[in-house]
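Trainee: Would you mind keeping the following structure in view while I ask a few things?
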Amino acid sequence: MTKTLLEAENVTYTYPNGPVALAGVSVRIEAGSKTALVGPNGAGKSTLLLMLNGMLRPASGVIRFDDRPLAYDNRSLRELRRRVGFVFQNPDVQIVAPTVEQDVAFGPVNLGLPPDAVREAVRDALGYVGLRGYEKRPPHHLSGGEKKRVAIAGILAMEPAVLVFDEPTSALDPASSEEVMELLDELASGGRTVLVSTHDVELAYHWADSVVLMERGGVLARGPPEAVFSDHALLASARLKPPALLDLYNELNLRRVIDRGVPPKSVLEFTDRIERAMHGHAPARDGTGRIYLCNADLTGGDEVRRLIKQGTVEHVGAMGTRAKEFANRERILLDYTYGVIDKCILKALIGENSLIITTGGMVEHVHRRIGEYSAESGRTLAVTSVREPEEIPHPNNERIPS
Ligand SMILES: Nc1ncnc2c1ncn2[C@@H]1O[C@H](COP(=O)(O)OP(=O)(O)OP(=O)(O)O)[C@@H](O)[C@H]1O
């Protein structure tokens with residue numbers, strides 16, 4: 001049973017001398033979910049997010065956190081903002097201190113944590129967003145993507161249960177955007193509830209498990225992204241276009257080229273579906289390319305460089321900020337910095353070898369994802385752990401059964 005953690009019920013709001021921004025909005029955010037508020041400019045997304053964190057107060061209706069209506073006295077709001085962290089669209093609004101370290105420490109210091117605990121919170125948060133070594137840098141000299149990470153670290157340092165991001169990828173280049181979204185994935189897989197606003201339907205389709213479609217201060221639809229984004233008329237009324245992958249899938253389905261089923265969310269899923277439609281089944285391809293897996297917590301860069309130099313692996317990807325830091329430090333050039341597992345599976349399916357660098361709990365995640373893919377597709381994919389001689393092999397190592 002999922003639990004509703006944040007809830008808006010019939011909320012209205014009009015800015016002083018402004019338009020009606022919210023005209024009776026009800027939404028529920030489930031604990032542990034990845035929710036996207038999607039809508040065009042001016043739909044009311046930011047206004048709703050600001051309410052969920054108590055920065056705006058509804059004219060009518062109610063906001064609840066953990067089943068309790070919000071109270072708007074200073075003490076209650078301070079406590080709420082510790083539990084519901086808010087990352088603004090523009091990181092310059094959020095960054096207040098002259099150095100990265102002081103900025104990230106701002107929240108924990110205000111919470112009254114002792115100096116040791118503050119240092120630990122700052123170190124952990126900077127590590128999480130991949131900004132260790134940036135402690136003494138002035139935030140206003142950083143790139144847009146780095147500033148965004150500082151802002152996220154500042155919120156993470158307070159260990160909130162919910163993270164709210166207003167347009168997390170605005171003004172970021174495509175790679176930085178994907179990296180920020182992967183960071184949000186990591187946070188969600190660590191048990192946090194993540195809520196974003198965006199007008200990017202492609203992003204919402206790939207990333208979210210639940211979508212709220214907004215327009216003119218109201219909610220047009222809510223549900224799984226594949227359902228909400230399959231309704232062209234609804235999307236058109238919100239001045240949005242369907243995600244390309246889903247649009248293509250629906251057209252192929254209408255022409256009876258592929259059967260209706262769960263719509264594909266990735267190129268990997270889509271190509272498998274088309275192959276199955278063409279051949280009646282997924283062609284068996286034993287002797288496919290191999291996926292090498294490097295746990296950067298246990299392996300040095302020498303072994304990885306050797307594999308690349310020998311031509312054993314043709315493609316290299318890193319998952320997670322610590323793995324990317326490792327690659328950077330070891331001067332390992334990365335082909336993939338996001339969507340890494342799927343990209344490596346795609347390469348294995350055409351007989352090419354690749355290497356995934358990752359760390360900690362993500363190692364299990366890679367084994368699990370490839371195992372799931374093998375079970376679903378009926379294809380056996382080989383995974384080989386890259387390890388120093390004294391390392392103990394992973395029990396799932398070598399071959400993942402289909
Ligand atoms: N500070 C403000 N003062 C007056 N009107 C405002 C203010 N902020 C927002 N509005 C108005 O409220 C409505 C909803 O704006 P909001 O920023 O919540 O939409 P949004 O969906 O987040 O849009 P965007 O994607 O452009 O950020 C818009 O008509 C906007 O012009």
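Trainee: Once you list every other residue whose beta carbon is under 11 Å from the beta carbon of A23, what net charge do they have if Lys and Arg are +1 and Asp and Glu are -1?
Mentor: 0
Trainee: Same structure, new question: Pull out a ≥ b ≥ c, the square roots of the eigenvalues of the alpha-carbon gyration tensor of the range 306-348, then state rounded if a/c is under 1.5, prolate if not and a/b is larger than b/c, and oblate in the remaining case.
Mentor: oblate
Trainee: With only Lys, Arg, Asp and Glu charged, each at its Cβ (+1 for the first two, -1 for the last two), find how big the charge dipole of the chain is about the Cα centre; round to the nearest 20 debye.
Mentor: Dipole about the Cα centre, nearest 20: 500 debye.
Trainee: As a check on your grasp of the helix formula, calculate [θ] at 222 nm for the chain: sum -39500 (n - 2.57) over DSSP H runs of n ≥ 4, divide by the residue count, round to the nearest 500.
Mentor: -12000 deg cm²/dmol
Trainee: Under unit Cβ charges (Lys, Arg +1; Asp, Glu -1), what dipole magnitude, rounded to 20 debye, does the range 290-400 have relative to its Cα centre?
Mentor: Charge dipole, the range 290-400, about its Cα centre: 240 debye, nearest 20.
Trainee: Please label the shape of the range 1-113 as rounded, prolate or oblate, based on the square roots a ≥ b ≥ c of the eigenvalues of the alpha-carbon gyration tensor (a/c under 1.5 means rounded; beyond that, a/b larger than b/c means prolate, else oblate).
Mentor: prolate
Trainee: For the range 290-400, with every protein chain kept in place, what is the accessible area per residue (1.4 Å probe, Å²)?
Mentor: Counting only protein heavy atoms, the per-residue value for the range 290-400 is 47 Å².
Trainee: Can you list residues whose amide H is under 5 Å from M158's amide H, if they're 5+ apart or on another chain and H is modeled 1.01 Å from N?
Mentor: none
Trainee: If you don't mind, there's one more thing I want to ask. Given a cut-off of under 8 Å on Cα pairs at least six residues apart, what relative contact order in percent is computed for the range 290-400?
Mentor: Reported relative contact order: 39 percent.
Trainee: What percent does the relative contact order of the chain come to when contacts are Cα pairs within less than 8 Å and at least six residues apart?
Mentor: Answer for the chain is 15 percent.
Trainee: Highest mean first, what order results for 6-13, 316-323 on Cβ atoms within 10 Å?
Mentor: Ranking the peptides 6-13, 316-323 by packing returns 316-323, 6-13.
Trainee: If you count, for each residue, the other Cβ atoms within 10 Å and average over each peptide, how do 26-36, 296-306 line up from highest to lowest?
Mentor: Taking the mean over residues of other Cβ atoms within 10 Å, the ranking is 26-36, 296-306.
Trainee: Which net charge results when you count Lys and Arg as +1 and Asp and Glu as -1 among the other residues whose beta-carbon is under 9 Å from that of R305?
Mentor: 0
Trainee: Please compare each pair in K34/K265; K241/K265; K45/K265 to a cut-off of 18 Å on the Cα-Cα distance and tell me which ones are over it.
Mentor: Violating the 18 Å Cα-Cα cut-off are K45/K265.
Trainee: Here's something else I'd like to know. Between the range 156-206 and the range 38-109, how many Å separate their Cα centres?
Mentor: 15
Trainee: Right, another one. Relative contact order for the range 104-167: what percent, with Cα pairs under 8 Å and sequence separation of 6 or more?
Mentor: In percent, rounded to a whole number, it is 46.
Trainee: Another question, if that's okay. Given the chain reduced to its alpha-carbon atoms as identical point scatterers, what log10 I(q)/I(0) does the Debye formula return at q = 0.12 Å⁻¹?
Mentor: For the chain at q = 0.12 Å⁻¹, log10 I(q)/I(0) is -1.05.
Trainee: Okay, moving on. Rounded, prolate or oblate, given the Cα gyration tensor of the range 210-352, with a/c below 1.5 counting as rounded?
Mentor: Because a/c hits 1.5 or more and a/b fails to exceed b/c, the range 210-352 counts as oblate.
Trainee: For the chain, what % of the accessible area comes from carbon and sulfur atoms, probe 1.4 Å?
Mentor: C and S fraction of accessible area: 51 percent.
The values are calculated or read from the model by the stated rules, or taken from the named source; none is laboratory data. Note that the structure is predicted; figures quoted are calculated from it, not measured. FYI the Cβ positions are ideal-geometry reconstructions off the backbone, even for glycines, and counts take in every protein chain you see. Please note that ligands, DNA and RNA were not included when accessible areas were found on the heavy atoms of the full protein model with its side chains. Shrake-Rupley method; radii C 1.70, N 1.55, O 1.52, S 1.80 Å.
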